[in-house]
Amino acid sequence: FVVVDCGALPPTLIESELYGHERGAFTGAERARKGAFEAATGGTLFLDEIGELPLEAQTRLLRLLEDGTYRPVGSTEQRRADIRVVCASWRDLAERVADGAFRSDLYHRLATIELVLPPLREHLEDLEELFLHFVEQVAPGRELSLEPTARVYLERWPWPGNVRELRNVAQYVAAMSPSNRVRIADLPPRMQRP
């Protein structure tokens, strides 16, 4: 399982990161390097934030998805990728296609099975369980419980940062709460207002 964050890749390194490169392919390429496709052979390549991939990189990705072949930067040899590709995006890719920022043929190639995860504010019934899960992650062994009023405040929060924001709140509470019963006063100050 290999993860590539497309949004964090500098445009000049995208192809090297995905396809690898040969020694001497560009300035600073002192040795050959495997790319994500080769590293994921026999497994899964997760392309996170695929909607951030520039159009020119999308063309090459389409070819790999169509026929399973790719060529490392600086190589004349085609290689075959035996991988499953899974993608995620916070952007609506259909809208990106309509705006001309995402290739329609790549979108239709990727959209085999589409899973839409609702934002936290749309499934508040999971909030407390997720909160306690994050507390366990950041402070193993710390057993916290939410007082009903604190839970109401959390449920009324709009969660613009989605579950990442909830994880930060759990970390804050785990570090700052003096007791195991989380009260309104234990929440971050911005959340304590009615």
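Key figures for this structure:
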read-out	value
Mean Kyte hydropathy of -1.0 or more with a Cα span along the axis of at least 15 Å, helices from DSSP in the chain	55-67, 127-138, 162-176
Farthest positive-ward along the chain dipole, Cα basis, beta-carbon charges - from Ser177, Gly42, Ser145	Ser177
Peptides ranked, highest mean first, by Cβ atoms within 10 Å: ranges 65-77, 46-58	46-58, 65-77
Segment Phe26-Asp5, extension gain: residue separation times 0.36 nm, minus the distance between their alpha carbons	5.3 nm
Computed [θ] at 222 nm, deg cm²/dmol, the chain (DSSP H ≥ 4; -39,500 (n - 2.57); rounded to nearest 500)	-10500 deg cm²/dmol
Spacing of the two label points (7 Å from each Cα toward its C-beta) at Met176 and Gln78, in nm	5.9 nm
Accessible-area composition of the stretch 1-106, carbon plus sulfur, in percent [1.4 Å probe]	47 percent
Global form of the chain, assessed from the alpha-carbon gyration tensor, a/c cut-off 1.5	prolate
Relative contact order for the chain, counting Cα pairs under 8 Å that sit 6 or more residues apart, in percent	16 percent
Heavy atoms of His133 accessible to a 1.4 Å probe, total area in Å² rounded to 10	90 Å²
Student exercise, the stretch 7-59 dipole from Lys, Arg, Asp, Glu Cβ charges, in Debye to nearest 20	280 debye
Global form of the stretch 153-194, assessed from the alpha-carbon gyration tensor, a/c cut-off 1.5	oblate
Orientation-averaged projected area, Cα convex hull of the stretch 99-173 (nm²)	7.2 nm²
Contact order normalised by residue count of the stretch 1-72, Cα under 8 Å, 6+ apart, percent	41 percent
Difference of contour (0.36 nm per residue) and Cα-Cα distance, Leu62 to Ala94	9.9 nm
Assigned charges on the beta-carbon of Lys, Arg, Asp, Glu; the chain dipole about Cα centre (debye)	380 debye
Rounded to the nearest 20 debye, dipole of the stretch 87-194 from Cβ charges on Lys, Arg, Asp, Glu	400 debye
Apportionment of accessible area to carbon and sulfur, the stretch 113-194, percent (1.4 Å)	54 percent
Accessible surface, per residue, of the stretch 43-89 when the full set of protein chains is kept, probe 1.4 Å, Å²	48 Å²
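The values are calculated or read from the model by the stated rules, or taken from the named source; none is laboratory data. The model shown is predicted, which means the values in this text are computed figures rather than measured ones. Methodologically, a virtual Cβ is constructed for each residue, glycine included, from the backbone with ideal geometry; neighbour enumeration extends over all protein chains shown. With ligands, DNA and RNA removed, areas are computed over all heavy atoms of the protein, side chains included. Shrake-Rupley method; radii C 1.70, N 1.55, O 1.52, S 1.80 Å.
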